[in-house]
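Here, each number is a calculation from the coordinates, and none is a lab measurement. Note that the structure is predicted; figures quoted are calculated from it, not measured. Here the Cβ positions follow ideal geometry from the backbone for every residue, glycine too, while neighbour counts run over all protein chains shown.
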Amino acid sequence: MTSDSSFKANLKNAFSVFKWEMKNRVASLAVYGILLATLTAIALTLCLSFAVNLGTEEAFPRSALIFQIASSYCVFLLTIAFTIIFTAGNYSYLHNKRKVDMYGSLPVSSTLLYLSKTASAFLFSIIPALFFFGFISTVSLVLGQPLVNETIELYVHIIIGTAACVAFYGLLAVCCGTTIHTVISFFAISISYPIALNFIKSVVNAFYNGIPNIITKDNFIINALNPVRAYSGSNVIYWILFSAACVVFSAVLAKKRRSDRAQNSFANFLPAYAVKLILSFICGMGLGVLFGSLNVMLNGMLGFVFGFLLGSVTAYIIVHLIFYKNFDGLIKTSIPFAAMAAVTLAAVFVCNIDILGFNEYVPPADSVETAGIVYPKDIIGTVKTVPQIASECSDDFSDAETVKEIIAIHQKTIDEFKRSAQKKFSNVWYNLFLEDFDDFIGSDSYCIGYKLKNGTEVIRHYRFNMLNYFAEADSGNYYASENILKEMINKIVESEQYTKNYFSIECISQDMLRSFTLETFNYAGNYGGKIILAENEKVSAEKAKEDCRKLYDALKKDNANFKKRDNGDINLKLSVSYDVENADKGSGLLSVVTDSIRNEDLERIFFTEDSVNTIEVLKSLELIDSEGELNTDSPYFISNQKSKR
Amino acid sequence: MIEIQNLTKSFDKVCAVNNLSMAVDSGSIVGLVGSNGGGKSTLLRLLSGVFAADSGSITIDGQTLYNNAAAKGVCFFVPDFPFYYDRSTINNTASLYRDLYPNWSEQRFASLCSMFPVGKNDKIINMSKGMQRQAAIILALSTCPKYLFMDEIFDGLDPVMRLLLKKLVIEQVADIGMTVIIASHNLRELEDLCDRVCLLHNGILLLDSDADALRGKFRKVQVAFSQIPQVQNLFEGINVVNVWQNGNVFNLTIKGGEADFMPRLEALDPVYISAMPLSLEEIFISEMGVYGYDVRLVL
């Protein structure tokens with residue numbers, strides 16, 4: 001038999017095994033299908049009854065939207081649950097001696113058998129989901145709520161997530177001797193890897209004050225070994241490559257796998273080492289940072305070393321006992337652990353002594369070409385990372401006086417940190433747990449950037465919260481210190497140049513524009529409404545767009561001639577509504593929900609008597625009258641009663 | 001033809017098969033016997049391509065078997081505990097084997113199903129141990145393998161079914177030249193079926209012999225004296241493997257034919273003498289005793 005015909009025969013046999021697997025899984029698939037069908041039916045019944053009871057014109061599309069979102073997420077979650085069950089069952093042919101006898105003697109190569117098992121685990125999970133997503137989309141279309149793209153997007157997330165999880169589980173299954181070891185390894189790596197990376201990130205951020213956070217929580221490096229994150233729909237390319245790499249690597253390992261390892265510890269010790277090292281690392285870091293922050297042994301670093309060794313050695317032994325059931329090989333397999341511990345301790349020591357002087361470095365004034373300082377919250381209209389913001393602001397000021405002021409702010413910040421430098425370990429906890437919360441509640445931070453004469457760029461990012469935390473140790477001048485720093489920063493932030501640079505309309509392109517809103521400041525004398533420059537029953541979309549463009553151009557012209565002054569007699573408040581560029585809005589259907597809650601991104605526009613072009617356009621469009629008050633006869637005017645949504 | 005050269009397979013520190021070499025001609029039935037943990041099941045798994053050898057080689061008709069789908073297509077392995085899914089039936093499993101094994105015979109399948117009293121559509125997992133064996137036999141023989149490997153196949157089968165199995169195997173060997181290797185502790189059944197016996201202990205092949213020749217090699221002899229002759233070495237010149245004395249009566253296991261030892265025994269002037277061939281089980285116990293695997297030593 002030629003190798004080509006042999007391969008075809010082999011492929012045919014693998015397909016036969018795949019078909020047979022399908023037949024043997026009919027009962028589980030039926031349970032899965034019935035559950036999905038029942039949940040979909042419940043969602044549809046409830047939504048239709050609400051629509052019928054409300055009896056309004058809008059009720060059916062709104063109910064259809066709720067049905068679509070509720071049922072799609074039921075299918076999504078149930079698919080994830082069944083993927084876990086199917087996948088664990090599917091790869092048990094590697095872990096059960098009786099199954100090994102059966103499958104091992106079948107005339108199918110081990111590689112193709114593995115691939116057919118992978119394909120069946122993947123298809124078991126996504127085909128029923130495809131059917132139900134199709135059904136949900138059809139019902140929604142019939143009911144007049146065609147969010148087909150959003151449903152497809154969610155389905156794509158299921159495909160990517162399922163592929164990543166099945167492929168990663170498959171890789172671990174080939175390496176492990178038992179299903180329980182595979183499951184432990186899968187969850188241990190998926191959960192502990194992001195924690196380990198966050199510990200590393202937090203230590204760097206805590207020990208190097210002002211270092212801009214390059215790795216955000218959605219960065220693929222943080223989630224690289226956590227395939228469950230693939231269901232979120234971010235980093236799609238990475239997850240496709242990850243899945244492909246896992247399948248190829250597993251297929252190679254499957255060919256070499258010793259089948260007699262079934263119901264034994266491991267066929268390949270890679271996952272065992274990975275789990276042991278990652279778990280011992282995070283346990284060591286946890287206890288080490290705790291001891292370091294409590295300053296045990298009267299020295300943070302010594303406390304860290306003691307805590308790290310205590311935590312990591314204990315975790316290492318426990319995981320070894322879970323995997324191997326005895327102490328055999330504990331010492332022999334400890335070389336990677338010893339290397340990890342040595343590298344970690346050395347790295348933390350190097351960070352602690354700040355060997356390069358990062359924390360205290362302030363560029364000398366005569367070496368600075370340009371410099372800048374910015375509150376990241378002032379950057380609107382686009383999603384930029386902190387390093388990008390800091391880098392862009394480094395061009396803002398070139399005059400020697402402002403540059404000196406920025407350097408003084410930088411120096412003052414460093415002095416604040418120096419006053420409580422031994423608290424570095426406590427700051428790891430802040431970076432680990434509170435940083436995201438700070439971002440969520442919008443705590444203040446500021447970026448400093450320099451362009452040096454030698455072409456080098458220096459960027460820093462500091463949070464007021466961190467300064468406050470450190471300053472707490474010297475509670476005497478807690479507020480004074482913070483206020484002095486804020487005053488120094490505000491002097492620049494309130495400058496004409498800064499206001500001009502970060503004027504909202506300069507950050508928003510015409511394509512991002514949605515509408516302008518004009519209201520009065522003085523509510524006591526308002527006219528019971530506001531003007532929204534957007535398409536409505538009286539104004540076409542084209543006309544509204546053209547009017548928005550005119551106002552936009554006028555605002556830009558005025559900003560070019562901007563002079564800082566008070567609002568004066570202007571009793572008008574202008575806001576712009578816009579789309580955010582490069583924003584990760586999460587999954588499609590979810591973004592529909594959040595969009596309907598959030599409505600729009602609004603930004604207040606600074607508006608003075610000097611804004612002559614703007615005032616002229618407002619008048620020419622008859623949005624305001626000659627007295628500068630809102631024109632209630634404008635087709636854009638919406639009375640308060642109507643404007644309630 | 002199966003050729004095994006210096007085959008070794010270890011599990012951690014345990015060497016299950018140790019530098020084993022043998023050849024099995026096509027159309028023969030080989031019985032693998034041996035102590036518990038002797039390496040019989042491991043050898044069958046190596047032969048059927050379930051396990052890869054640590055060293056040495058196995059070729060079947062000149063082809064290595066491990067990871068060779070084409071070569072595996074003409075072999076069938078019935079393990080000591082066959083795996084069946086919860087909803088597996090004979091029919092359902094046949095649907096897989098029909099696609100996988102090129103020699104699958106529908107006619108043979110139908111005929112075997114009519115011979116064994118098991119339901120084709122009954123769940124195998126719910127059947128008794130013996131009936132599960134019957135299901136395995138039906139499926140195995142329906143694939144019409146050139147090489148059939150069976151582990152403890154008689155376990156759980158009633159005497160009638162054992163007889164039927166032996167008859168079917170012999171028929172299939174005669175019809176298609178099938179080669180069969182059976183590992184079993186049921187030496188009585190192997191005695192009837194096998195034309196060759198291999199004895200494995202601690203992974204080493206202690207004995208590899210034609211079954212009839214093996215039986216002819218040993219004799220169980222009872223000799224009674226009115227008075228035991230007062231000579232230095234009573235059975236000198238006779239190849240005695242085992243002696244058990246009860247008063248004036250001696251029970252001997254002697255290696256060799258009657259012609260070799262009868263004249264010497266008769267020269268001792270016994271009052272009673274009888275000689276008969278050893279059963280396979282007696283040979284097994286006797287041979288294993290030579291290697292220290294003896295119930296008296298165990299006790």
Can you tell me the equivalent ellipsoid semi-axes for the protein assembly as shown? Use √(5λ) from the Cα gyration tensor, largest first, whole Å. 82, 38, 20
Area projected by the alpha carbon convex hull of region A:157-260, averaged over all directions, nm²: 7.4 nm²
Over the alpha carbons of region A:13-60, what is the largest minus smallest coordinate on each principal axis, giving the biggest first in Å? 59, 16, 6
Let me test this: with uniform point scatterers at the alpha carbons of region B:1-79, what is the Debye-based log₁₀ I(q)/I(0) at q = 0.16, 0.19, 0.25, 0.27 1/Å? -0.56, -0.81, -1.40, -1.57
Using label points projected 7 Å from each Cα along Cα→Cβ, tell me how many nm separate A:Glu401 and A:Ile214, to one decimal. 3.8 nm
Need one number for region A:8-158: average projected area of the convex hull over its C-alpha atoms, nm². 9.9 nm²
What does the charge add up to near B:Ala71, with Lys and Arg as +1, Asp and Glu as -1, over the other residues with Cβ less than 12 Å from its Cβ? +1
In nanometres, what is the gap between the two model label sites at A:Phe269 and A:Ala37, each 7 Å from Cα along Cα-to-Cβ? 5.1 nm
Per-residue mean of other chain beta-carbon atoms within 10 angstrom of the beta-carbon, peptide B:86-92? 2
Quick calc of log₁₀ I(q)/I(0), region A:117-201, Debye, one scatterer on every Cα, no solvent, q values 0.12, 0.13, 0.26 1/Å, result -0.54, -0.60, -1.17
Over its alpha-carbon atoms, chain B yields an Rg and a Dmax in Å of 22.5, 74
Counting each DSSP H run of 4 or more residues in the protein assembly as shown as -39500 (n - 2.57), what helix-only mean residue ellipticity at 222 nm follows after dividing by all residues, to the nearest 500 deg cm²/dmol? -17000 deg cm²/dmol
Can you pull the one-decimal nm distance between simple spin-label points at A:Asn326 and A:Ser367, each 7 Å off the Cα toward Cβ? 6.2 nm
The protein assembly as shown - share of DSSP beta bridges that are antiparallel (%, nearest 5): 80 percent
Two decimals is fine: what is log10 I(q)/I(0) at q = 0.15, 0.16, 0.19, 0.33 Å⁻¹ for region B:170-209, from a Debye sum with one equal scatterer on every Cα and no solvent? -0.42, -0.48, -0.64, -1.18
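Using the Kirkwood radius over Cα pairs, work out the Stokes-Einstein diffusion coefficient for region A:54-119 at 4 °C and 1.567 mPa s, in µm²/s as a whole number.
84 µm²/s
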Could you work out the per residue convex hull volume over the alpha carbons of region A:207-322, in cubic angstrom? 143 Å³
Which percent of Cα pairs goes in each bin when the distances of region A:274-353 are cut into 10 angstrom slices starting at zero? 21, 48, 24, 7, 0
Taking R0 as 41 Å, what's the FRET efficiency between B:Gln227 and B:Tyr291 from their Cβ-Cβ distance, rounded to 0.05? 0.70
Note down the Stokes-Einstein diffusion coefficient of region B:215-298 in µm²/s, whole number, using a Kirkwood radius over alpha carbon pairs, 37 °C, and 0.692 mPa s. 245 µm²/s
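Report the local net charge at B:Gln172: Lys and Arg +1, Asp and Glu -1, summed over other residues whose C-beta lies under 15 Å from its C-beta.
Value of the local net charge: +1.
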My understanding is that a pair violates if its Cα-Cα distance is over 22 Å; which of A:Lys255/B:Lys40; A:Lys255/B:Lys9; A:Lys99/B:Lys9; A:Lys412/A:Lys451; A:Lys377/A:Lys543 do that in this structure? A:Lys255/B:Lys40; A:Lys377/A:Lys543
Label 7 Å along Cα→Cβ of B:Asp12; region A:316-334 residues with amide nitrogen under 13 Å? A:323-330
Kindly list the residues of region A:86-116 that lie in the label zone of A:Val248, defined by a backbone N under 20 Å from the point 7 Å along the Cα-to-C-beta vector. A:110-116
Net charge over other residues, Cβ less than 12 angstrom from the Cβ of B:Phe149 (K, R count +1; D, E count -1): 0
Cα centroid of region B:129-197 to Cα centroid of region A:16-81, whole Å: 52 Å
